[in-house]
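> Quick one: the structure is below, questions incoming.
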2 protein chains.
Amino acid sequence: MSAAAQAAVDKAIAELSYTPNRAARSLVTRRTDSIALVIPEPDERVLTDPFFSATLNGLSSALASSDLQLVLIIARPGESDRTRRYLRNGHVDGAVVVSHHEADRLDTLLAESRLPAVFVGRPLNEIGRLNYVDVDNYGGGRLAAEHIVATGRTRIGMIAGPQDMAAGRDRLRGWKDMLTEHGLATDAVETSDFTTVTAIEATQRLLDKHPDIDAIIAGSDLIAVGAINVLRERGLSVPDDVAVIGFDNLGVSTSPALTTLTNPVVAMARTAGQLLLEILEDDDVEPQHKQFSPDLVVRGSTAPAKG
Amino acid sequence: MSAAAQAAVDKAIAELSYTPNRAARSLVTRRTDSIALVIPEPDERVLTDPFFSATLNGLSSALASSDLQLVLIIARPGESDRTRRYLRNGHVDGAVVVSHHEADRLDTLLAESRLPAVFVGRPLNEIGRLNYVDVDNYGGGRLAAEHIVATGRTRIGMIAGPQDMAAGRDRLRGWKDMLTEHGLATDAVETSDFTTVTAIEATQRLLDKHPDIDAIIAGSDLIAVGAINVLRERGLSVPDDVAVIGFDNLGVSTSPALTTLTNPVVAMARTAGQLLLEILEDDDVEPQHKQFSPDLVVRGSTAPAKG
DNA sequence: TTGAAAGCGATACCAA
DNA sequence: TTGGTATCGCTTTCAA
């Protein structure tokens with residue numbers, strides 16, 4: 001188009017303060033140029049847990065080059081209908097889902113709909129048809145248990161994460177399998193949410209029922225923080241009386257420093273974002289599953305008992 | 001419509017798994033049924049600072065009855081263009097903006113556009129044409145300074161919040177005015193972001209320049225946390241050597257407990273949400289400004305010095 | 001390079 | 001109650 005015409009158009013745009021109408025454009029292009037990060041958790045947790053901060057970082061770094069707008073959908077419990085509608089109605093071109101709970105059934109929704117989606121953390125259903133990126137929670141669980149056994153502990157308590165989430169279940173399964181292989185008991189188990197508050201309650205229950213434990217394997221770092229708090233309150237020393245190991249390596253500060261397993265959340269979220277971009281480009285790629293490996297990070301909370 | 005016809009339609013909907021097309025609907029209704037919460041801050045801060053968690057709570061409680069979808073837009077520094085485009089292009093029916101910085105110029109953007117918007121925290125420009133809800137930061141600043149003076153402190157240091165935000169500026173102005181009215185010096189001032197990390201640096205500078213101060217008025221609770229950390233490191237006792245007062249009352253845990261001013265963030269965000277709903281109903285209401293009053297909450301960090 | 005016209009998928013209005 | 005039709009504002013295609 002001629003330079004003069006261009007200039008005239010620009011002038012008109014400015015004068016009329018014209019802005020294109022997204023709805024009209026979307027109607028024909030079938031694109032909204034935005035994607036959703038769906039977090040089915042209560043606000044408090046979302047804005048408190050470093051896990052989500054890491055997710056957001058990784059995802060936005062993947063999208064930085066793409067001029068897609070990232071839209072954060074916090075789906076409070078009980079509001080999943082609204083979220084489902086939002087996703088189904090074409091507000092966004094795609095979605096990344098984290099912290100998925102069984103009851104949300106976002107997995108079946110997204111498997112049925114044609115909306116490109118990637119889960120961070122294995123969904124519980126429709127595994128075959130959905131894309132996801134995950135850390136090897138089962139393997140990490142085995143590593144954690146193995147390390148605790150190696151420090152000479154024999155009466156091992158466990159505080160598992162929520163059992164309506166893959167991460168909660170898989171880690172617990174890993175612990176139990178490994179302990180069983182070592183001929184150790186697996187009866188001292190309590191369940192908690194991925195929050196310190198509920199972890200504190202779970203630890204109380206665990207210690208009340210099993211005062212003899214010499215180690216606690218926790219379902220996450222925040223759970224471990226709760227466990228350490230309770231142990232200290234009860235006058236038990238970490239690690240001399242009870243060793244504690246977490247999961248996630250999100251940099252929580254405890255005393256002594258927490259032994260844990262890395263959960264490469266930023267890298268996973270970035271991978272999820274890149275995968276989503278690929279799917280957006282070419283919408284009939286086969287569902288992909290990517291798995292990261294957790295590493296053991298040994299710190300003071302699992303030092304061998306002095307006795 | 002007849003029951004039979006209704007049933008036939010329902011059946012067809014199910015069979016074809018029909019979902020209405022939002023873009024087409026929006027094109028004619030000129031509604032998207034979603035509103036944005038715009039937070040122009042880096043992700044880390046958004047997902048770390050309890051302030052935003054409180055905002056989100058208040059806002060979503062206001063919207064709970066409305067079947068509007070809340071969309072969180074985190075506008076990282078340097079990405080404000082993308083955000084501006086998003087807001088201008090009719091992705092959302094309205095916006096609530098918090099933590100607004102001068103350089104974002106979202107205030108002028110929103111004043112010029114026809115997009116219904118409510119600021120939480122006074123915007124710096126276009127005051128007359130924009131809706132906002134705020135706490136009386138100036139008055140709160142005066143209260144804080146008055147309380148410190150009343151505890152017998154005379155050499156008062158200040159760590160102000162960011163001066164590109166109304167809250168940072170107004171509180172500082174309140175402190176200075178009150179101190180001046182009491183004939184006290186107002187030269188010991190450093191500036192910090194609303195984060196503990198930058199507050200630590202600011203406190204170092206303040207103490208290096210003015211080792212004689214016997215009180216620190218902080219621009220927020222997180223800033224006060226940083227100040228208390230530094231004081232402790234330097235072997236100064238709080239409150240015996242140096243009294244510390246914060247602002248926000250967000251429940252940070254310090255030792256001794258922090259004297260502060262309440263900042264009714266949840267109530268403000270809820271009010272902002274309700275106001276936005278009103279504007280959405282009737283789009284030519286006059287711009288409204290609502291102001292909340294902060295209250296002084298006296299705790300241990302400003303107990304009178306023993307000497 | 002430019003202009004004219006068709007269509008995206010809903011809503012809303014009017015007439016039957 | 002029902003059916004038909006104009007309309008929203010843009011992209012795309014086809015002709016000129």
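The values are calculated or read from the model by the stated rules, or taken from the named source; none is laboratory data. Here the structure is a predicted model, which is why all the values come from computation and not from measurement. Backbone-built Cβ (ideal geometry, glycine too); neighbour counts: all protein chains shown.
> May I ask you to list the residues in region B:43-63 that are closer than 30 Å to residue A:25 by Cβ and more than 9 Å from chain A (Cβ to nearest Cβ)?
Listed by number, the residues that qualify are B:59, B:63.
> When you go through (1) within 21 Å of residue A:77 (Cβ to Cβ); (2) surrounded by 18 or more Cβ atoms within 10 Å (Cβ to Cβ) one by one for residue A:175, which number turns out not to apply?
Answer for residue A:175: the failing condition is (1).
> From A:260, A:271, grab the single residue that is part of a helix (DSSP H, G or I), modelled with pLDDT of 95 or more, within 20 Å of the chain's Cα centre (by Cα) and under 29 Å from residue A:96 (Cβ atoms). Can you show your working first?
Numbers: A:260 fails: part of a helix (DSSP H, G or I).
Matching residue, one of A:260, A:271: A:271.
> Would you confirm whether any residue within region B:72-87 is within 12 Å of chain A (Cβ to nearest Cβ) and acidic (Asp, Glu)? Let's see the steps before the verdict.
Here is the first cut: in region B:72-87, the residues within 12 Å of chain A (Cβ to nearest Cβ) are B:72-76, B:78-79, B:81-87.
Filter once more, keeping what is acidic (Asp, Glu): B:79, B:81.
For region B:72-87, residues within 12 Å of chain A (Cβ to nearest Cβ) and acidic (Asp, Glu): present.
> Moving on to the next point. Any chance you could count how many residues in region B:1-24 are facing chain A (nearest Cβ under 8 Å) and either near DNA strand D (Cβ under 9 Å from one of its atoms) or on the phi < 0 side of the Ramachandran plot (or both)?
As a first pass, look at region B:1-24 and keep what is facing chain A (nearest Cβ under 8 Å): B:17, B:19-24.
Subsequent filtering for residues that are either near DNA strand D (Cβ under 9 Å from one of its atoms) or on the phi < 0 side of the Ramachandran plot (or both) retains B:19-24.
Number satisfying all stated conditions: 6.
> Would it be correct to say that residue B:114 is at pLDDT 95 or above and outside any strand (DSSP E or B)?
On the way: at pLDDT 95 or above: no; outside any strand (DSSP E or B): yes.
No, not satisfied.
Each row is one residue, and each column tells you yes or no for (1) of a type in the set (Val, Ile, Thr); (2) in contact with a helix residue (DSSP H, G or I) (Cβ under 8 Å, 6 or more places away or on another chain).
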site: A:95; (1), (2): no, yes
site: A:98; (1), (2): yes, yes
site: A:101; (1), (2): no, no
site: A:104; (1), (2): no, yes
site: A:107; (1), (2): no, no
site: A:119; (1), (2): no, yes
site: A:137; (1), (2): no, yes
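> Output the number of the condition that residue A:109 fails; it satisfies all remaining conditions of (1) surrounded by fewer than 15 Cβ atoms within 10 Å (Cβ to Cβ); (2) in contact with a Lys or Arg (Cβ under 7 Å, 6 or more places away or on another chain); (3) among the hydrophobic types (A, V, I, L, M, F, W, C).
(1)
> Hey, another quick one. Which of the residues belonging to region A:70-89 are buried (at least 23 other Cβ atoms within 10 Å of the Cβ) and in contact with a Lys or Arg (Cβ under 8 Å, 6 or more places away or on another chain)?
A:75 - this is the single residue of region A:70-89 that is buried (at least 23 other Cβ atoms within 10 Å of the Cβ) and in contact with a Lys or Arg (Cβ under 8 Å, 6 or more places away or on another chain).
> From the set of residues in region A:31-47 that are free of Cβ contacts under 8 Å to residues at least 60 places away in the same chain and not hydrophobic (A, V, I, L, M, F, W, C), which is nearest to residue A:274 (Cα to Cα)? Full working, then the answer.
As a first pass, look at region A:31-47 and keep what is free of Cβ contacts under 8 Å to residues at least 60 places away in the same chain: A:34, A:41-44, A:46-47.
In the following step, the residues that additionally are not hydrophobic (A, V, I, L, M, F, W, C) were identified as A:34, A:41-44.
Working: A:34: 14, A:41: 24, A:42: 27, A:43: 26, A:44: 28 Å.
This residue is A:34.
> Name the single residue, out of those in region A:196-212 being surrounded by fewer than 21 Cβ atoms within 10 Å (Cβ to Cβ) and β-branched (Val, Ile, Thr), that is nearest to residue A:101 (Cα to Cα). Working first, answer last.
Here is the first cut: in region A:196-212, the residues surrounded by fewer than 21 Cβ atoms within 10 Å (Cβ to Cβ) are A:197-198, A:200-201, A:204-205, A:208-212.
Okay, now just the ones that are also β-branched (Val, Ile, Thr), so A:197-198, A:200.
On the way: A:197: 19, A:198: 17, A:200: 22 Å.
Among residues in region A:196-212 that are surrounded by fewer than 21 Cβ atoms within 10 Å (Cβ to Cβ) and β-branched (Val, Ile, Thr), the one nearest to residue A:101 (Cα to Cα) is A:198.
> Determine whether residue A:139 is within 27 Å of residue A:36 (Cβ to Cβ) and touching a residue at least 40 places away in the same chain (Cβ under 8 Å). Let's see the steps before the verdict.
Details: within 27 Å of residue A:36 (Cβ to Cβ): no; touching a residue at least 40 places away in the same chain (Cβ under 8 Å): yes.
No: the conditions fail for residue A:139.
> Just the residues that are under 19 Å from residue B:37 (Cβ atoms), in contact with a helix residue (DSSP H, G or I) (Cβ under 9 Å, 6 or more places away or on another chain) and not aliphatic (A, V, I, L, M), please, taken from region B:265-291.
The answer is B:270, B:271, B:273, B:274, B:288, B:290.
> Looking only at region A:25-38, filter to residues that are among the polar types (S, T, N, Q) and within 12 Å of DNA strand D (Cβ to nearest atom); which one of those is surrounded by the most Cβ atoms within 10 Å (Cβ to Cβ)? Quick ask: steps written out before the conclusion?
Filtering region A:25-38 down to residues among the polar types (S, T, N, Q) leaves A:26, A:29, A:32, A:34.
Narrowing the set further to residues that are within 12 Å of DNA strand D (Cβ to nearest atom) leaves A:26, A:29.
On the way: A:26: 25, A:29: 11.
Filtering region A:25-38 for residues that are among the polar types (S, T, N, Q) and within 12 Å of DNA strand D (Cβ to nearest atom), the one surrounded by the most Cβ atoms within 10 Å (Cβ to Cβ) comes out as A:26.
> Quick one: is residue A:98 closer than 18 Å to residue A:194 by Cβ and away from every other protein chain (no Cβ under 13 Å)?
Details: closer than 18 Å to residue A:194 by Cβ: yes; away from every other protein chain (no Cβ under 13 Å): no.
Answer is no for this residue.
> A further question on this structure: Could you say which residue among A:217, A:228, A:223 is outside any helix (DSSP H, G or I) and outside the structural domain of residue A:48 (by TED's automatic domain parsing)?
Numbers: A:228 fails: outside any helix (DSSP H, G or I); A:223 fails: outside any helix (DSSP H, G or I).
So the residue among A:217, A:228, A:223 that is outside any helix (DSSP H, G or I) and outside the structural domain of residue A:48 (by TED's automatic domain parsing) is A:217.
> If I ask for residues that are more than 12 Å from DNA strand C (Cβ to nearest atom) and either at the interface with another protein chain (Cβ under 9 Å from one of its Cβ atoms) or of a type outside the set (A, V, I, L, M) (or both), which ones from region B:25-36 would you list? Let's see the steps before the verdict.
First pass over region B:25-36, keeping only residues more than 12 Å from DNA strand C (Cβ to nearest atom): B:32, B:34-36.
Of everything in region B:25-36, those that are more than 12 Å from DNA strand C (Cβ to nearest atom) and either at the interface with another protein chain (Cβ under 9 Å from one of its Cβ atoms) or of a type outside the set (A, V, I, L, M) (or both) turn out to be B:32, B:34, B:36.
> Need a quick list: helices (runs of 4 or more DSSP H) entirely within region A:1-95 having at least 2 residues that are over 18 Å from residue B:34 (Cβ atoms).
Numbers: elements: A:3-16, A:22-29, A:43-46, A:50-63, A:80-88.
In region A:1-95, the matching helices (runs of 4 or more DSSP H) lie at A:3-16, A:22-29, A:43-46, A:50-63.
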